[in-house]
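The values are calculated or read from the model by the stated rules, or taken from the named source; none is laboratory data. These figures come from a predicted structure and were not determined experimentally. Neighbour counts run over all protein chains shown; Cβ positions are idealised from the backbone, glycine included. Surface areas here come from the heavy atoms of the whole protein model, side chains and all, with no ligands, DNA or RNA. Shrake-Rupley method; radii C 1.70, N 1.55, O 1.52, S 1.80 Å.
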Amino acid sequence: MADPAARCCCLGWDFSTQQVKVVAVDAELNVFYEDSVHFDTDLPEFGTQGGVHVHEGGLAVTSPVLMWVQALDIILEKMKASGFGFSQVLALSGAGQQHGSVYWKVGASQVLKGLSPDLPLHEQLQACFSISNCPVWMDSSTTAQCRQLEAAVGGAQALSCLTGSRAYERFTGNQIAKIYQQHPEAYSHTERISLVSSFAASLFLGSYSHIDYSDGSGMNLLQIQDKVWSQACLDACAPHLEKKLGPPVPSCSVVGAVSSYYVQRYGFPPGCKVVAFTGDNPASLAGMRLEEGDIAVSLGTSDTLFLWLKEPTPALEGHIFCNPVDPQQYMALLCFKNGSLMREKIRDEAASCSWSKFSEALRSTEMGNGGNLGFYFDVMEITPEITGRYRFSAENREVSAFPRNVEIRALIEGQFMAKRIHAEGLGYRVMPKTKILATGGASHNRDILQVLADVFCAPVYVIDTANSACVGSAYQAFHGLAAGAGVPFQEVVKLAPKPRLAATPTPGASQVYAALLPRYAQLEQRIVSQTQGLLE
Ligand SMILES: O=C(CO)[C@@H](O)[C@H](O)CF
């Protein structure tokens, strides 16, 4: 790492599920410093596993808010000990795990405002939270509250049209409703409710930071078209909620400057700006520098799609958020649970546990797989809700098995056709300038990427997203400094390292999949209907 002591820079923070991470990015958009604090190993006194506590019954999942505070103390002390040049920091921004919520006790704002630079944060904020263990995105204990919210606004689709998603257990409005119902005292002693992102920004500001439009879209409370809280949703969750949330702001807003605590204790410049923090996924979209028409595919345990949308079509699956880098546009997330574990199972069954044999099978079978289509959901799929394996011949006749090589291609073509069909269901359209950015384990397999390029008929680039939320936050900090002059995000980040081209569409791919995609969609709907017992 180059000398971190004397380079003008912006900091990007990520308060994620398992750690707090920071990167420093210089004016040429090079990352020259990074550090992290892992909750389980660096703060063992909190007794978390994977940064969380899973409570009895496995539905309620929380994290101790003071663990997050103390992690910030530790990482700042590590940076100080390494001689980091805090005086060169022009601005900072950050990300937080989405949907989690923090409950500031009445009077906490005065403590935040008057922090003594002689003491660490966690010693001074001990009594500032009305809820010590914050619900996080892994919580699924609010099904009743989800049904109540949907009923209050006219149903699941109505809620999706209003807030970008139907009700989900992890979404913050439902979590707040549960706390109001089960801990009314704590709720009444709460003067401010933050997301993890705006909580982290508040620590730097020394006052309550606003919730940004993008992370606020993950609450089932924000009207994503008008960018204001939905009074119907607020009222359905808990009383006086608008006052406790404060007004939402655009994600590239400068929300203030670091408090004197950071100037005196660490040497930050008094004018160091704080740009609104946002959710980890919106920050990752910024870090990947997605543009209109692009799609990012994270090929991991679950496969996650990040979409840039101009005109969203809210649905009963997936999530539409306000776009973090262009307030007039949107982004969407689609999660496919049967990702790499499904690919590994078929590799073991049909390619003798060998990725090279798996790749050989893809190279030795034609695009379109002779019209054979497969659906492989060994765990209950999210998008859509199906489980089981289904195979169909070119004549749409269900068959019990495919030859090994056909099975392998049917899995990969099916996974990617599903992604394209459901992305288009949310309003996504492949455009002439579309780039597909691939990341995650399977993005190292060029033959898998070739199928992705063919199904989408678009070039596939590979990027390293290890620090995408942090790097995206640092880019947002630079963008917040420039946005005052109306400089668009893409202009601010044009010097950033470029992704590497990995695959381009095979000639004729467009015709092959134009024929297969509607068949795949019809067969998928047939399976959904059968699964839901709607067919006799
Ligand atoms: O729940 C999620 C998105 O909706 C997760 O990706 C969390 O943001 C992870 F922190």
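Results, tabulated for the structure shown:
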| read-out | value |
| --- | --- |
| Where the chain is the region considered: accessible area per residue in Å², 1.4 Å probe | 37 Å² |
| Cross-link table LYS310/LYS357; LYS243/LYS273; LYS178/LYS345; LYS227/LYS494, entries beyond 30 Å C-alpha to C-alpha | LYS310/LYS357; LYS178/LYS345 |
| Contact order normalised by residue count of the chain, Cα under 8 Å, 6+ apart, percent | 15 percent |
| Pairwise label distance in nanometres, PHE32 with ASP118, each label 7 Å out on the Cα-Cβ vector | 3.5 nm |
| Net length gained if the chain between HIS444 and GLN110 were fully extended (0.36 nm per residue, minus Cα distance) | 115.2 nm |
| Apportionment of accessible area to carbon and sulfur, segment 414-519, percent (1.4 Å) | 61 percent |
| Hull-based mean projected area of the chain, where the convex hull spans the alpha carbons, in square nanometres | 24.7 nm² |
| Virtual spin-label span in nm between GLU491 and SER87, 7 Å along Cα→Cβ | 3.3 nm |
| 16 Å reach of a label modelled at VAL430, 7 Å along Cα-to-Cβ, counting backbone N of segment 352-375 | 367-369 |
| Solvent-accessible area, 1.4 Å probe, carbon plus sulfur percent, for segment 107-260 | 54 percent |
| Global geometry of segment 303-359, whether rounded, prolate or oblate, following the gyration tensor of its Cα atoms and the 1.5 cut on a/c | prolate |
| Inter-part distance where segment 202-243 and segment 1-60 are each reduced to a Cα centre, Å | 25 Å |
| Under 9 Å, Cβ to Cβ, from PHE377 - net charge with Lys/Arg +1 and Asp/Glu -1 | 0 |
| Inter-site label distance for GLN126 and ASN396 at 7 Å from Cα along Cβ, in nm | 7.0 nm |
| Using alpha-carbon coordinates, inclination of helix 509-531 to the longest axis of the chain, degrees | 80 degrees |
| Charge sum, other residues only, whose C-beta stays under 14 Å from ILE74's C-beta, Lys/Arg counted +1 and Asp/Glu -1 | -3 |
| Sites THR41 and SER529, calculated FRET efficiency, Cβ-Cβ separation with R0 45 Å, nearest 0.05 | 0.40 |
| Cα centroid of segment 454-528 to Cα centroid of segment 308-364, whole Å | 12 Å |
| Chain lengthening between GLN148 and ASP348 when straightened (0.36 nm per residue, less Cα-Cα) | 67.5 nm |
| Local net charge near VAL52, Cβ-Cβ under 11 Å (Lys/Arg +1, Asp/Glu -1) | -2 |
| Fully extended contour minus Cα-Cα distance, from ASP378 to GLU191, at 0.36 nm per residue | 62.8 nm |
